[in-house]
Each structure stands twice: as structure tokens, then as C-alpha cells.
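Trainee: Let me begin by handing over the structure; questions about it come next.
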Amino acid sequence: MSFKGEFIEFLFKSNVLIFGDFVAKSGRETPYMINTGNFRTAKQLAILGEYYADCIETKMDKSVNVLFGPAYKGIPLAVAASTALYHKYSRDISVTFNRKEKKDHGEGGQIIGYIPQSNDRIAIIEDVITAGTAVRESLELLGRIAEIRITNLIVSVDRLERGQKNKTTIEELNDDFGIQTSAIVTIEDILNFLHNREIDGKIAIDNAMKNKIEDYLNLYGVS
């Protein structure tokens, strides 16, 4: 089985890649979701971290010195990725993440872990990229803290959708902010691997689900 196939099967068996009727953060009604909140064991997080670490090591600019995990799902992703990056590649990289609301007691503030400094080069660690809403929120938040540069975005799945204009979200983020996005797999990889494939006695993507996903991409993809 290929590297991408192993990762897709891992997502499906972990109940992270799910199919049905959902609403994404962008407000789009979607037939599938990537819910990394369903990773529930140390083993799952360790395996996930290695996939992210491999993606970071092979595709990301080596000058990046900070991983940022947006609250809430990005927090365990950034921690798992940085831990695996250290153990597998001996890279000791700083980790930072945010609270949803600013804390007004104790040490205060909205940022936890490493506090970004001017000239830091930061990679955002996320589960998926759809319309880029969460990335823009992260840019605004981190930009208020220091003169940093967000250079990379690492995600589990690229949904291959357009952003705010008639370009893919990845193209928009690159054009608008200079952010390079790397995904472990894309929705096309998922379609190709799972269509009519039986895993643990279930077929995740039958012909009907394949048609729904393709209809969704025709609606929200870039023509």
C-alpha cells in the first residue's frame, strides 16, 4: 500500500474521515468531513504526528522555527507534529497556540507556549483547508503580537476548493500572503483510494457517495 493510501486508511479507521451531511466552517454543506477531534489515543496521535513530521521535513522551508496550532483542533496537531519532528528528525522546534478568548487573570494573554517574536518564521498546523477562513484568523491574531512571517501551512487534507475568488484557496493564500501549503493527501487521493474499496467490512465511498463528492467539487472547486 502506498504512503498516501496508508494515511487515508488510518484516517478512516480512526473515524476521522467521515461521510454524510455536514456544514463546514466556511458555511458550505459538505458530504464529508475531516474531524481530527476523533483521535482519542496516544497511539493514534503518535502515528498522526509522524505523518505530519514527514510532510514538514520533506516539504517545508527549513528556516521555519515555530509551529502554530490554532485552537482548538490545531493544538494537539502542532504538539504531535513537533514531538514527532524531534524524535524522528532531531529538530527541536518551538510550539505556540492560542485560546479562543483572551485570559484576563493569571499570566493573561491569548497565546500559550512560545510567544512569537519579530522575524520568526511560522508554520500553521491544521486539519484541512477549505476556504481559508481559519488561516486568515490566525494571520490577524499573530500579526498583532509581533512582526512575524507565516510562511507555511501544513494540513492533513486539501479539499481542493476555491477560496474567496475564482482561485483555489491554496493559490489565494500564496498570492495574498506568500504562504506555501502542503497537504499529506487531497480529496482526489481519497476518492481514488476509497472508491468501492472495502475496509473493515465497509465501503466508505460507493458510487452514490462518489457522485455527491464530485458534485460538491463541481460546485465549490475551481473550474
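The values are calculated or read from the model by the stated rules, or taken from the named source; none is laboratory data. Everything quoted here is computed from the prediction, not taken from an experiment. Here Cβ is always computed from backbone atoms with ideal geometry, including for glycine, and neighbour counts include all displayed protein chains. Keep in mind that these areas ignore ligands, DNA and RNA; they rest on the heavy atoms of the full protein, side chains included. Shrake-Rupley method; radii C 1.70, N 1.55, O 1.52, S 1.80 Å.
Trainee: Quick one: which residue in GLY74, GLY37, GLY27 is at pLDDT below 95 and on the phi > 0 side of the Ramachandran plot?
Mentor: Only one candidate passes the filter, namely GLY27.
Trainee: Further question: For region 153-172: of the residues being modelled with pLDDT of 90 or more and touching a helix residue (DSSP H, G or I) at 6+ places or on another chain (Cβ under 8 Å), which is farthest from ILE18 (Cα to Cα)?
Mentor: LEU153
Trainee: So which residues in region 54-84 are under 22 Å from LYS4 (Cα atoms), crowded, with 23+ Cβ neighbours inside 10 Å and among the aliphatic types (A, V, I, L, M), if there are any at all?
Mentor: If the condition is that a residue be under 22 Å from LYS4 (Cα atoms), crowded, with 23+ Cβ neighbours inside 10 Å and among the aliphatic types (A, V, I, L, M), then ILE56, LEU77, ALA78, ALA80, ALA81, ALA84 are the ones that fit.
Trainee: Out of all the residues in region 189-207, is one or more of a type outside the set (Asp, Glu), in contact with a strand residue (DSSP E or B) (Cβ under 6 Å, 6 or more places away or on another chain) and part of a helix (DSSP H, G or I)?
Mentor: Yes - at least one qualifying residue is present in region 189-207.
Trainee: Restricting to region 1-22, count the residues that are under 17 Å from the mean Cα position of the chain (by Cα) and open to solvent by 60 Å² or more (accessible area, probe 1.4 Å).
Mentor: Qualifying residue count, region 1-22: 2.
Trainee: Here is a further query. Given the criteria open to solvent by 10 Å² or more (accessible area, probe 1.4 Å), closer than 30 Å to ASP120 by Cα, part of a helix (DSSP H, G or I) and modelled with pLDDT of 95 or more, does LYS43 qualify?
Mentor: So LYS43 fails the test.
Trainee: Can you list residue pairs whose Cβ atoms sit under 7 Å apart, with the first residue in region 118-141 being in contact (Cβ under 8 Å) with a residue 40 or more places away in the chain and the second being acidic (Asp, Glu) and surrounded by 19 or more Cβ atoms within 10 Å (Cβ to Cβ)? Count only pairs 6 or more apart in sequence or on different chains.
Mentor: ILE129/ASP158; THR130/GLU161; ALA131/GLU161; GLY132/GLU172; ALA134/GLU126
Trainee: Next question, about the same structure. Of the residues VAL155, VAL95, only one is open to solvent by less than 20 Å² (accessible area, probe 1.4 Å) and either without any contact (Cβ under 8 Å) to a residue 40 or more places away in the chain or polar (S, T, N, Q) (or both); which? Lay out the reasoning, then the answer.
Mentor: Details: VAL95 fails: open to solvent by less than 20 Å² (accessible area, probe 1.4 Å).
Being open to solvent by less than 20 Å² (accessible area, probe 1.4 Å) and either without any contact (Cβ under 8 Å) to a residue 40 or more places away in the chain or polar (S, T, N, Q) (or both) holds for just one of VAL155, VAL95, which is VAL155.
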